[in-house]
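Visitor: Handing you a structure now.
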Amino acid sequence: MSADTLARPAQVRHRVLPSAITGQEYILMGVIVLLWVVLALATPGFLEPYSIQSLLWRLAPIGIMAIGMTVIMVTAGIDISIAAILMVCAVTMGKLMTEGGWSFPAAIVASLVMGAVLGAVNGLLISYGRVPAIIITFGTSNLFQFVGLKIFNSQTVNNLPASRGVLGPGPDGRILGVPIAFLIMVVLVALAWIYLRHFAGGRHFYAIGDDQQAASLAGVNVRWRTFLAYVVMGLLVGLAAAITIAGGTSTLDQSVGKGQELMVIAATVIGGTSVMGGRGSVLGAVLGALLVQTVATGVTQLGWPSQLSNLFVGVFIIIAVGADLIRERRRKARL
Amino acid sequence: TRNDGGTPTTEPTGGATTSSGGEAPAEFTVAFVPKIQGIPYFEAMNAGGKKAEEVIPGLKWEYQGPTTADPAAQADIVRSMIQKKVDAIIVAPNDPDSLAPILQEAKDAGIKVGTSDTDAPNSVREVFVEQATGDGIGTYTADTLAKAMGEKGTAVIVSCGETAENLNSWIKIEEETFKTKYPEIKLLPTVYAGEDQNKATQMATDLMNANPDLSGIIGQCTTSAPGVAQAVRDAGRIGQVFTVGVGTPQAMLPYLEDGSSSGSILWNVEDLGFLTAWAGAQMIKGEPFQATNQVSDTIKDVEFRDATKELILGPPLVLTKENAGQFDY
Amino acid sequence: MTSRKDTRERLHLGRLLLTNRTVLLSFLLVLVVGTFATLSATGVISSGYSFDYLAAALINLVPLTMLALAQLLVIVSGKGGIDLSVGAIVSLAGMLFGFMHGMWGWPLLPAIIATVAFGALCGLLNGVLVAYLGYPPLIVTLATYYAMWSIALVINNQKPINSAPIQELYALSKAVELPLIGQYLPLIPMGVFIFLLPTVLVVWFVMSRTTYGRELYAIGTNDVAASWAGIDTQRVRALAYAGAGAISGLVAVVTVSQFASARPDQGVSGNGMALPAITMAVLGGVAITGGIGTVLGVVLAALLIVWLNAGILLAFQGNEASQLQLFALGAVLIGAALLNGITNRRFSGTK
Amino acid sequence: MPPVRVTETTPRFALHGLSKRYGGVRAIRNADFELMPGEVHAVVGENGAGKSTMIKIIAGADFADTGTLALDGAEVSIRSATEALDMGIATVYQEAQLFGQLTVAENIFLGREVTRSGRIDWAVQNQRVVDLLESFGLPAGFVTRKVEELSAAEQQQVSIAKALSNEARILILDEPSAILTDAEIERLFDAVRRLAASGVSIIYISHRLDELFRIADAVTVMRDGETLGTFDIDQLSVGKLADMMVGGEFAGSTGDRIHEPGDVKLSLDGVSSGGRFHDVSLEVRGGEVVVLYGLVGSGVAEIAAAAYGKAPVTAGHMHLLGRPYSPRSAAEAQRAGLAMLPANRKQEGMFSFQSIAFNTSVGSLDLLRRWGILMDHPREREVADDMIGRLAIKTPGRRQPIASLSGGNAQKVVIGRQLVKSPEVLVLAEPSQGVDIGAKDEIHKLIDQVCADGTAVLVATSDLTEALRIADRLIVIRNGTTFTEYPRGVRDSTVLAAASGALTEDEEAELAERSDDDER
Ligand SMILES: Nc1ncnc2c1ncn2[C@@H]1O[C@H](COP(=O)(O)OP(=O)(O)OP(=O)(O)O)[C@@H](O)[C@H]1O
Ligand SMILES: Nc1ncnc2c1ncn2[C@@H]1O[C@H](COP(=O)(O)OP(=O)(O)OP(=O)(O)O)[C@@H](O)[C@H]1O
Ligand SMILES: [Mg+2]
Ligand SMILES: [Mg+2]
């Protein structure tokens, strides 16, 4: 550290934190842009408005859940049960709207509450039971599925009201041509980004994932924060459930949400969040989600077998995390 | 919810001991194992089976399905049915070949074995209860779509499970029909969305975006039929892109009404359930199927093809916005 | 009045039950089988919960236990060891087996060996990424899960392979009578003898009777200390993943024969095979933090769940049975994990 | 002994009749301590004398069994670290408590961020950190650097800055200088002096006696959990201080041991390892115990690790049994005939929840291997039982988990692991760290035994008593290189003074003379 790197206080005032966008995120943006260019050239319709609109809409539920997953992973946790939570929230909404006559907005509130309650179950067991999150959420995943199936009661929920379209990909769900669901996601990402970066509580999540004991010594309420992370996850899943219902058919069946947990985890780790905790950003997670969705869309639009998209997801995970590992190693070597 | 029926023939329960016809036991159980529980299609079959319970003396109808469309989970259920010593097991296999061995075991245990909805042709099943002939379904979907499209343009089939025997046989007929009857319609390679509505919607959306000239989509199963219609509705291309599918009435009704679905084909699923139960009962009683069978007041003239041991419910039921509302599933 | 010694012994027994997973699982196993058998014998539930049924249900035990043992290897190796890709390896290796035996006409034995070897290779890929390149296991195996799942589906255009040689393989899964004493026992699925028992024995042998097993426990207990003790931690860890892959390859053969067809989605359909396998391992007392876990515990856990599930299917009718299986699995897993957490804190004599 | 200091004003902080037991260990027996406003008060004592325990009690991280605490003359009880902080007592522990992924500024303010309407006010917070860092001569750019990107010394300075940022009235520094360079120490001193001038009282723990004369106003000496007294710094010298610390307790030979050194078994020739140590040359012969003694951070541990292939050698040569030797892993070193006891028992030595037998055999699996793969269990049992007997390990049996043993017994197991193969060269790092006096004695006897069997023993230690007791030759390491060598029987204060640095030539000569006198 030579003397000329001594920054004057004035400069420090401007650059208050490490750069707002990480290397991982720049790489992801580059890859996504590249993919978009390739797809635009290779398929006639990729850049058509509706193609982009539906891509952005699809991004919304995964992106919203990836926010929560990022927070959880930053605290060195994980949540395998989100697919099951999504199912419970969705069927709750569906039943309330069709049988209870609730309006769509009221049902969304119910879904959020349901999500938060299930998240709280996870949070309680993990922070107070002191059992690894992966084990607890494996278990609750089964329990929540049971609850969801019970509510479904072996029937589908039919005739979901058309009012759900406001969060769907269709014309009802757009403002100035942009899907509302996507806008909600953008707002949430921005809020989460600001909170995690600029609020004490947000920074405490990172401190917990970094060194739980030291965080506790520094006066961070580790249990409460851990609990909170899972409750927030549940809330976000509740919202994702509303968007999923909005874009689905007028019939809801019990397969809703299947496989989403691994997709969300994939998006989150592609975005540069470490499963070991202490590191991660919601911006990266959303970019990861966008990458995954772009690949899925691209594969279908190119007319390739749709099952190939998972191969690309796998390869992207290895490359993204590998790039991160290499950067980490370089930095350590520099010391 | 305990099982107080299905006791073996040696210990007849209650007062219903007097045997009515031939050597049939006074009380007997027909077990049906669907591909998956909780979807309207199979739940409607269950409802039909329950109706048969009331009509056919001595019949006990048992319905048990896995929570995921997984052959292994189906095999477990069949195994427990064998153990419960039911008198007949009828399966709608997720994967025809996967269930052949366990069906053999059932037969070895002296249980009558059949398939319904989806066949397992290489198995020891004694009857396949078929909803309609594959011809009937495949030609209807192809013809209806072609008519809506004006007999030209590009079309695609959005199917479900890659290995589903019935869907694949219908697809074969559809491809055949387009090739011979509608040479001006170009058919894109079939895509598979699993038993997942949302995925069917997304794939249909992507295919529409990638192929601006796409004007026809077939939703091959009861989950993809509303899925593809929803995609057309969301894209705001009702009237430009036409869909037909194999869908259940309640699920299809909104789409038939707004025109995003040009037609849906099905059969009376409850009747199929009833017929399945009846077929099980016939097998247990040892009464052979006739060339045409009178099953109930409403299910008449059911054809039995001896060569293939197929029991065919009848011609498919074409759902329109007028009649779809009459069904409660 | 009970003497003081009695009380002490009872306390001791209770403590053993709570702290020793093997004892707890054995107790639960007896409880579950006893309950269902009694209910069945007294006619409360259908009379089928017999030895025959328990024996027939063992067919599920074969792939489940084998994959749980695969998890045992990687979880014991520590550093967040876990393998989400086992189901995908089963799918992919199963397709390969289908090609070799079902389409290219390879004889059975070479085909099985090649399938196992291929599984080991897939596992080794995981292992190298984890041990030598430092990837977190969860991430690596999530990635290879997606990749191999995808390849298995496209490799034969989503079609299963069920040619005659494959269909004949069902003979490998048939229930058989044991020689000599067999007439007094129920028929037991053959897979138990030709696949499961050998795997259990081999894994047990490797874990408890070889120096490699010792090294594996060592790296899982304390990676740093193991390297100070002169153990090649990277090699040992990579081999654990290769072993898990090899077992998955063998499971591919098991499932292909059991279902008489090589399905591209056999390891990933439904909830997939990986999550139940991990659940079984954890329930069997394998510590997710590494270094702890026994073959006996895993086998007992799998047996418990298989017979519990079988009982639930008999006791409950209709859709409820399958739903209750989910509940039972979740409740048992969380219960065992919480109990472990509490008892470890209460009874552990370590500082 | 110089006169104990007398003061009139009320002390900022005082403790009297303090005692603290950890099970059987009496960490503090009867300590008295008074801290005046605005003074820099050093606490010195050998390893294990009770210094850290005393400051932990002051900082609220641990609790006394008996004794009274008084702040500004009023009796207080301190029940938690937070309470201590509220009273204005800030502490920098021996082990840094930092978050690698967070920036320096965040680390310093974690848990008490400067916020404005909920949001962290980075401008204000960073400005305060910049000012703070400046007083340490750290670049302002550090504010936004992640802590994991800093060197260990820089992290240490951040820890100190964090403590200083608390606006404390009492600042406790537990061995802050151990890993700092001279220039960094200089800046630390500047900061300390400035604080003292502004009225903050500072407790300063250090093993580097020389530096105390430049920073401390008063010194309290501790020995075996007792405070010997508090002295004005002007009345002391390094020599006098060292004398008091060891307190006449002669730590010489363990008896009439006469080792006949054999051939050279291990030699290091101008060996360097990155920034860890440099130009180290030494040789160890069969049947002799060579001790490397140095303060924590002097490089002793790293030199031993390099001999075992656990630290890279960037220059120089090593020879083992006459052959060139450059191990790249522990396994290679073992094959060549060298075994090593790691310094950190918990992290590098113990397989906590595994049995004693496991812990004994795990270092020699190749020896216990039959037919290429089999584990020879009977032989393992034999080896374990043999070790339990030979090292007198107090345990119900070999199946006990090692974590259930006391520190001393656990240490014996880990040492036993290194003996299974009967290595040609045995390297022991901190062989008796954290074990009590009885166990220590047994370990030392064991070292003698091993040595008598013809093994070359190299001990790396920062425990002076131990060094003097077991060494045939004692090499002092200072600032990462070999400083001087003493024969057996050297006086303790001589070695201590040499290792803790900055002896004038006169002083060194004087000490050497005195040790000669003692020998006669
Ligand atoms: N938590 C503990 N449990 C048991 N014994 C302890 C504990 N903490 C300290 N001791 C013992 O108390 C005694 C005093 O230890 P302390 O850490 O205070 O010494 P110190 O003077 O700080 O030594 P050093 O110079 O090595 O830091 C030692 O014998 C030590 O082993
Ligand atoms: N953090 C702690 N707080 C309180 N007591 C402790 C703590 N750590 C250890 N002890 C207790 O202090 C006692 C001494 O532990 P230690 O490990 O020093 O063994 P020991 O008696 O010194 O044996 P050895 O002679 O083998 O070193 C034990 O009873 C232990 O339970
Ligand atoms: Mg100390
Ligand atoms: Mg001790």
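The values are calculated or read from the model by the stated rules, or taken from the named source; none is laboratory data. This one's a predicted model, so the numbers in the text were calculated from it and none came from an experiment. Backbone-built Cβ (ideal geometry, glycine too); neighbour counts: all protein chains shown. Surface accessibility is based on the protein's heavy atoms, side chains included, excluding ligands, DNA and RNA. Shrake-Rupley method; radii C 1.70, N 1.55, O 1.52, S 1.80 Å.
Visitor: Name the one entry in D:Ala42, D:Ala64, D:Ala59, D:Ala27 that is within 16 Å of ligand 4 (Cβ to nearest atom), open to solvent by less than 70 Å² (accessible area, probe 1.4 Å) and under 25 Å from D:Gln97 (Cβ atoms).
Guide: Values: D:Ala42 fails: within 16 Å of ligand 4 (Cβ to nearest atom); D:Ala64 fails: within 16 Å of ligand 4 (Cβ to nearest atom); D:Ala59 fails: within 16 Å of ligand 4 (Cβ to nearest atom).
Result: D:Ala27 is the single residue among D:Ala42, D:Ala64, D:Ala59, D:Ala27 that is within 16 Å of ligand 4 (Cβ to nearest atom), open to solvent by less than 70 Å² (accessible area, probe 1.4 Å) and under 25 Å from D:Gln97 (Cβ atoms).
Visitor: When segment D:61-95 is examined, which residues are found to be part of a loop (DSSP other than H, G, I, E, B), within 12 Å of chain A (Cβ to nearest Cβ) and within 15 Å of ligand 1 (Cβ to nearest atom)? Talk me through it step by step, then tell me what you get.
Guide: Taking segment D:61-95 first, the residues part of a loop (DSSP other than H, G, I, E, B) are D:61-65, D:72-73, D:77-80, D:87-88, D:93-95.
Checking which are within 12 Å of chain A (Cβ to nearest Cβ) leaves us with D:61, D:80, D:93, D:95.
D:Ala61, D:Tyr93, D:Glu95, listed by residue number.
Visitor: Sticking with this structure for a sec: Return the pairs, sorted by first residue and then second, in which the second residue is assigned to a loop (DSSP other than H, G, I, E, B), the first residue lies in segment D:321-332 and is closer than 15 Å to D:Leu282 by Cα, the beta carbons are less than 9 Å apart, and the residues are 6+ apart or on different chains.
Guide: D:Leu321/D:Asp263; D:Leu321/D:Gly337; D:Leu321/D:Glu424; D:Gly322/D:Asp263
Visitor: Among the residues of segment C:130-166, which ones are more than 7 Å from every other protein chain (Cβ to nearest Cβ) and open to solvent by less than 20 Å² (accessible area, probe 1.4 Å)?
Guide: Listed by number, the residues that qualify are C:Val130, C:Ala131, C:Pro137, C:Val140, C:Thr141, C:Met148, C:Ala152, C:Ile161, C:Ile166.
Visitor: Tell me which residues, restricted to segment B:92-127, are within 11 Å of the chain's Cα centre (by Cα) and assigned to a strand (DSSP E or B).
Guide: B:Thr115, B:Ser116
Visitor: Sticking with this one: Give the number of residues within segment C:38-52 that are touching a Gly at 6+ places or on another chain (Cβ under 9 Å) and part of a helix (DSSP H, G or I).
Guide: Within segment C:38-52, residues that are touching a Gly at 6+ places or on another chain (Cβ under 9 Å) and part of a helix (DSSP H, G or I) number 2.
Visitor: Considering each of D:Leu419, D:Leu368, D:Leu426, D:Leu391 in turn, give the residue that is within 25 Å of D:Val290 (Cα to Cα), touching a Lys or Arg at 6+ places or on another chain (Cβ under 6 Å) and away from ligand 2 (no atom under 11 Å from the Cβ).
Guide: D:Leu391
Visitor: Does segment C:199-207 include one or more residues that are over 30 Å from C:Asn162 (Cβ atoms), open to solvent by less than 20 Å² (accessible area, probe 1.4 Å), touching a Leu at 6+ places or on another chain (Cβ under 7 Å) and in a strand (DSSP E or B)?
Guide: Among the residues of segment C:199-207, not one is over 30 Å from C:Asn162 (Cβ atoms), open to solvent by less than 20 Å² (accessible area, probe 1.4 Å), touching a Leu at 6+ places or on another chain (Cβ under 7 Å) and in a strand (DSSP E or B), which makes the answer no.
Visitor: When you go through (1) within 13 Å of chain A (Cβ to nearest Cβ); (2) crowded, with 24+ Cβ neighbours inside 10 Å one by one for C:Gln317, which number turns out not to apply?
Guide: For C:Gln317, the failing item is (2).
Visitor: I'm trying to understand the selection: among the residues of segment B:221-248, which are part of a loop (DSSP other than H, G, I, E, B) and without any contact (Cβ under 8 Å) to a residue 60 or more places away in the chain?
Guide: Residues of segment B:221-248 that are part of a loop (DSSP other than H, G, I, E, B), as a first pass: B:221-223, B:236-237, B:239-240, B:247-248.
Across segment B:221-248, the qualifying residues are B:Gly236, B:Arg237, B:Gly239, B:Gln240.
Visitor: If you check B:Leu253, B:Leu266, B:Leu275, which single one turns out to be touching a helix residue (DSSP H, G or I) at 6+ places or on another chain (Cβ under 8 Å) and farther than 24 Å from B:Met149 by Cα? Working first, answer last.
Guide: Details: B:Leu253 fails: farther than 24 Å from B:Met149 by Cα; B:Leu266 fails: farther than 24 Å from B:Met149 by Cα.
Answer to the selection: B:Leu275.
Visitor: Conditions: (1) more than 14 Å from chain C (Cβ to nearest Cβ); (2) modelled with pLDDT of 95 or more. A:Asp172 meets all but one. Number of the miss?
Guide: Against the list (1) more than 14 Å from chain C (Cβ to nearest Cβ); (2) modelled with pLDDT of 95 or more, A:Asp172 comes up short only on (2).
Visitor: Does at least one position in segment D:3-15 carry a residue that is under 17 Å from D:Ser201 (Cβ atoms), surrounded by fewer than 17 Cβ atoms within 10 Å (Cβ to Cβ), modelled with pLDDT under 85 and not charged (D, E, K, R)?
Guide: Within segment D:3-15 (the criterion being under 17 Å from D:Ser201 (Cβ atoms), surrounded by fewer than 17 Cβ atoms within 10 Å (Cβ to Cβ), modelled with pLDDT under 85 and not charged (D, E, K, R)), the answer is yes, since at least one residue qualifies.
Visitor: Kindly indicate whether D:Thr82 is within 29 Å of the chain's Cα centre (by Cα) and away from ligand 4 (no atom under 16 Å from the Cβ).
Guide: Working: within 29 Å of the chain's Cα centre (by Cα): yes; away from ligand 4 (no atom under 16 Å from the Cβ): yes.
Yes.
Visitor: Which numbered condition trips up D:Arg398, out of (1) assigned to a loop (DSSP other than H, G, I, E, B); (2) in contact with a Gly (Cβ under 9 Å, 6 or more places away or on another chain); (3) more than 16 Å from ligand 3 (Cβ to nearest atom)?
Guide: (2)
Visitor: Please work out if C:Gly48 is crowded, with 20+ Cβ neighbours inside 10 Å, more than 10 Å from chain B (Cβ to nearest Cβ) and not basic (Lys, Arg).
Guide: On the way: crowded, with 20+ Cβ neighbours inside 10 Å: yes; more than 10 Å from chain B (Cβ to nearest Cβ): no; not basic (Lys, Arg): yes.
Here the answer is no, as C:Gly48 does not meet what is asked.
Visitor: Something else about it: Taking only segment D:438-460 into account, find how many residues are within 16 Å of ligand 1 (Cβ to nearest atom), without any contact (Cβ under 8 Å) to a residue 40 or more places away in the chain and aliphatic (A, V, I, L, M).
Guide: 2
Visitor: Can you find, within segment B:57-74, the residue that is farthest from B:Glu287 (Cα to Cα) among those that are in contact with a strand residue (DSSP E or B) (Cβ under 9 Å, 6 or more places away or on another chain) and of a type outside the set (Phe, Trp, Tyr)?
Guide: Going through the qualifying residues, I end up with B:Pro66.
Visitor: Inspect segment D:199-216 for any residue being part of a strand (DSSP E or B), within 22 Å of the chain's Cα centre (by Cα) and among the acidic types (Asp, Glu) and give the result as yes or no. Write out each step before concluding.
Guide: Narrowing segment D:199-216 to residues part of a strand (DSSP E or B): D:201-205.
Okay, now just the ones that are also within 22 Å of the chain's Cα centre (by Cα), so D:202-205.
Checking which are among the acidic types (Asp, Glu) leaves us with none.
No, segment D:199-216 contains no residue that is part of a strand (DSSP E or B), within 22 Å of the chain's Cα centre (by Cα) and among the acidic types (Asp, Glu).
Visitor: Would you mind listing the strands (runs of 3 or more DSSP E) fully within segment D:278-385 where at least 1 residues are open to solvent by 60 Å² or more (accessible area, probe 1.4 Å), away from ligand 1 (no atom under 16 Å from the Cβ) and out of contact with any Asp or Glu (no Cβ under 8 Å at 6 or more places or on another chain)?
Guide: Of the strands (runs of 3 or more DSSP E) lying wholly inside segment D:278-385, none has at least 1 residues that are open to solvent by 60 Å² or more (accessible area, probe 1.4 Å), away from ligand 1 (no atom under 16 Å from the Cβ) and out of contact with any Asp or Glu (no Cβ under 8 Å at 6 or more places or on another chain).
Visitor: Right, next: Taking segment B:210-220, which residues are surrounded by fewer than 24 Cβ atoms within 10 Å (Cβ to Cβ) and part of a loop (DSSP other than H, G, I, E, B)?
Guide: B:Asn211, B:Pro212, B:Asp213
Visitor: Which count do you get for residues in segment D:52-105 that are within 16 Å of ligand 3 (Cβ to nearest atom) and not β-branched (Val, Ile, Thr)?
Guide: Of the residues in that region, 11 qualify.
Visitor: If you don't mind, another one. Among D:Arg379, D:Arg369, D:Arg390, D:Arg398, which is the only one that is more than 14 Å from ligand 4 (Cβ to nearest atom), touching a Ser or Thr at 6+ places or on another chain (Cβ under 6 Å) and outside the structural domain of D:Gly309 (by the TED database)?
Guide: Sole residue among the options that is more than 14 Å from ligand 4 (Cβ to nearest atom), touching a Ser or Thr at 6+ places or on another chain (Cβ under 6 Å) and outside the structural domain of D:Gly309 (by the TED database): D:Arg369.
Visitor: Related question: Need the failing condition index for A:Ser127 against (1) within 22 Å of A:Ile245 (Cβ to Cβ); (2) within 14 Å of chain C (Cβ to nearest Cβ); (3) of a type in the set (S, T, N, Q), just the number.
Guide: (1)
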